[in-house]
Amino acid sequence: MKGKFIVLEGPDRCGKSTQAKLLYNYLIAQGFDVELTREPGGTPTAEKIRQIVLEPGLDVRPMAELLLYEASRAQHTQEKIIPALQAGKIVICERYTMSTSAYQGYARGIDLKLIDTVNQIATTGLQPDLTLVFLMSDEYFSSRGEYLFSDRLEREDQEFRQNMRQGYKNLVERTPHAHLINADDDVDAIHEQVTELLKKYHITDLCPSQKS
Ligand code: TMP
C-alpha cells in the first residue's frame, strides 16, 4: 500500500479524539494528504450501523454487537480506508480492530480467537502501520469520577471497563507496531510523543510526490 495507516486506540474519554485532530493538523501543515476517520462509522452506511450499535437502551446481544462492529469495519475498510491508502494518503483512524478485542473480547467475554478471525475477514488482512494506545493510570481514572454516560457501551459497569483496560495492556504486548501512551500527561506533551513515534516508524518518510 502506498500510504500509511495510523490507528488511535484506548478507553472512552482517554483523549484520543483530541490527539487525532492535533495529529491531523500537524500532518496537513507539513503538506501531507491526510484522511481523518473513525470506527464504528466513517462512511454513510457505517455511520448508520454506528447509530444502531450505540443506541442506549437497545437490546443488542453480544454476537450481534460483534458483527455490527465488524459490518461497519468491512464497509469502512473497503469504501474509504483501502482506497485512501492506495492513493498514497496517511489515514488516521480512531479505533479499529484492537477496540473489538478489548471491548467484545476482554470485556464482553467473546473468544479472542473468534474475534481475530472476524477481524481478519472484515479488514481483508489490512493492518495498521502504527497503533497508539492511550491509557490513563488507574489513579487518574478513578480521580476523574463518574461522568455523564452517553452511549450504550459507555454505560457498561466498572468491571467491564477494568477488563477492557486490562485487555488493552495485554493487546499492546502482542501487537506489532503498537505503543502504549500515558494519557495522564498534558495534551502538548502527548502530541510531541506522538510525532516522535511517527518519525520512528517512518510514517512521515513518504516521498514528496505523496504529499498533496
Ligand atoms: P467512540 O465513542 O470512541 O466513538 O466509540 C464508540 C464506542 O464503541 C466506544 O465505547 C467503544 C465501542 N467499540 C466497541 O465496543 N468495539 C469496537 O470494535 C469499536 C470500534 C468500538
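The values are calculated or read from the model by the stated rules, or taken from the named source; none is laboratory data. The shown structure was predicted, so the numbers you read here are calculated from the model rather than taken from an experiment. Every residue, glycine as well, gets a Cβ built from its backbone with ideal geometry; the counts of neighbours run over all protein chains shown.
Which of the following residues is touching a residue at least 12 places away in the same chain (Cβ under 8 Å), farther than 25 Å from Leu135 by Cβ and charged (D, E, K, R): Glu55, Glu9?
None of the other options fit; the residue is Glu55.
Among the residues making up region 88-113, those that are over 24 Å from Gln19 (Cβ atoms), more than 10 Å from the ligand (Cβ to nearest atom) and in contact (Cβ under 8 Å) with a residue 12 or more places away in the chain are Gly109, Ile110.
Only residues that are polar (S, T, N, Q), within 12 Å of the ligand (Cβ to nearest atom) and buried (at least 17 other Cβ atoms within 10 Å of the Cβ) were counted in region 39-76, giving 1.
Scanning region 160-170 for residues that are within 16 Å of Val133 (Cβ to Cβ), at pLDDT below 95 and hydroxyl-bearing (Ser, Thr, Tyr) turns up nothing.
Beta carbons closer than 6 Å, at least 6 apart along the sequence or on distinct chains, pair a first residue in region 24-41 that is under 17 Å from Arg95 (Cα atoms) and at pLDDT 95 or above with a second that is assigned to a loop (DSSP other than H, G, I, E, B) and within 13 Å of the ligand (Cβ to nearest atom) for Glu39/Arg95; Glu39/Tyr96.
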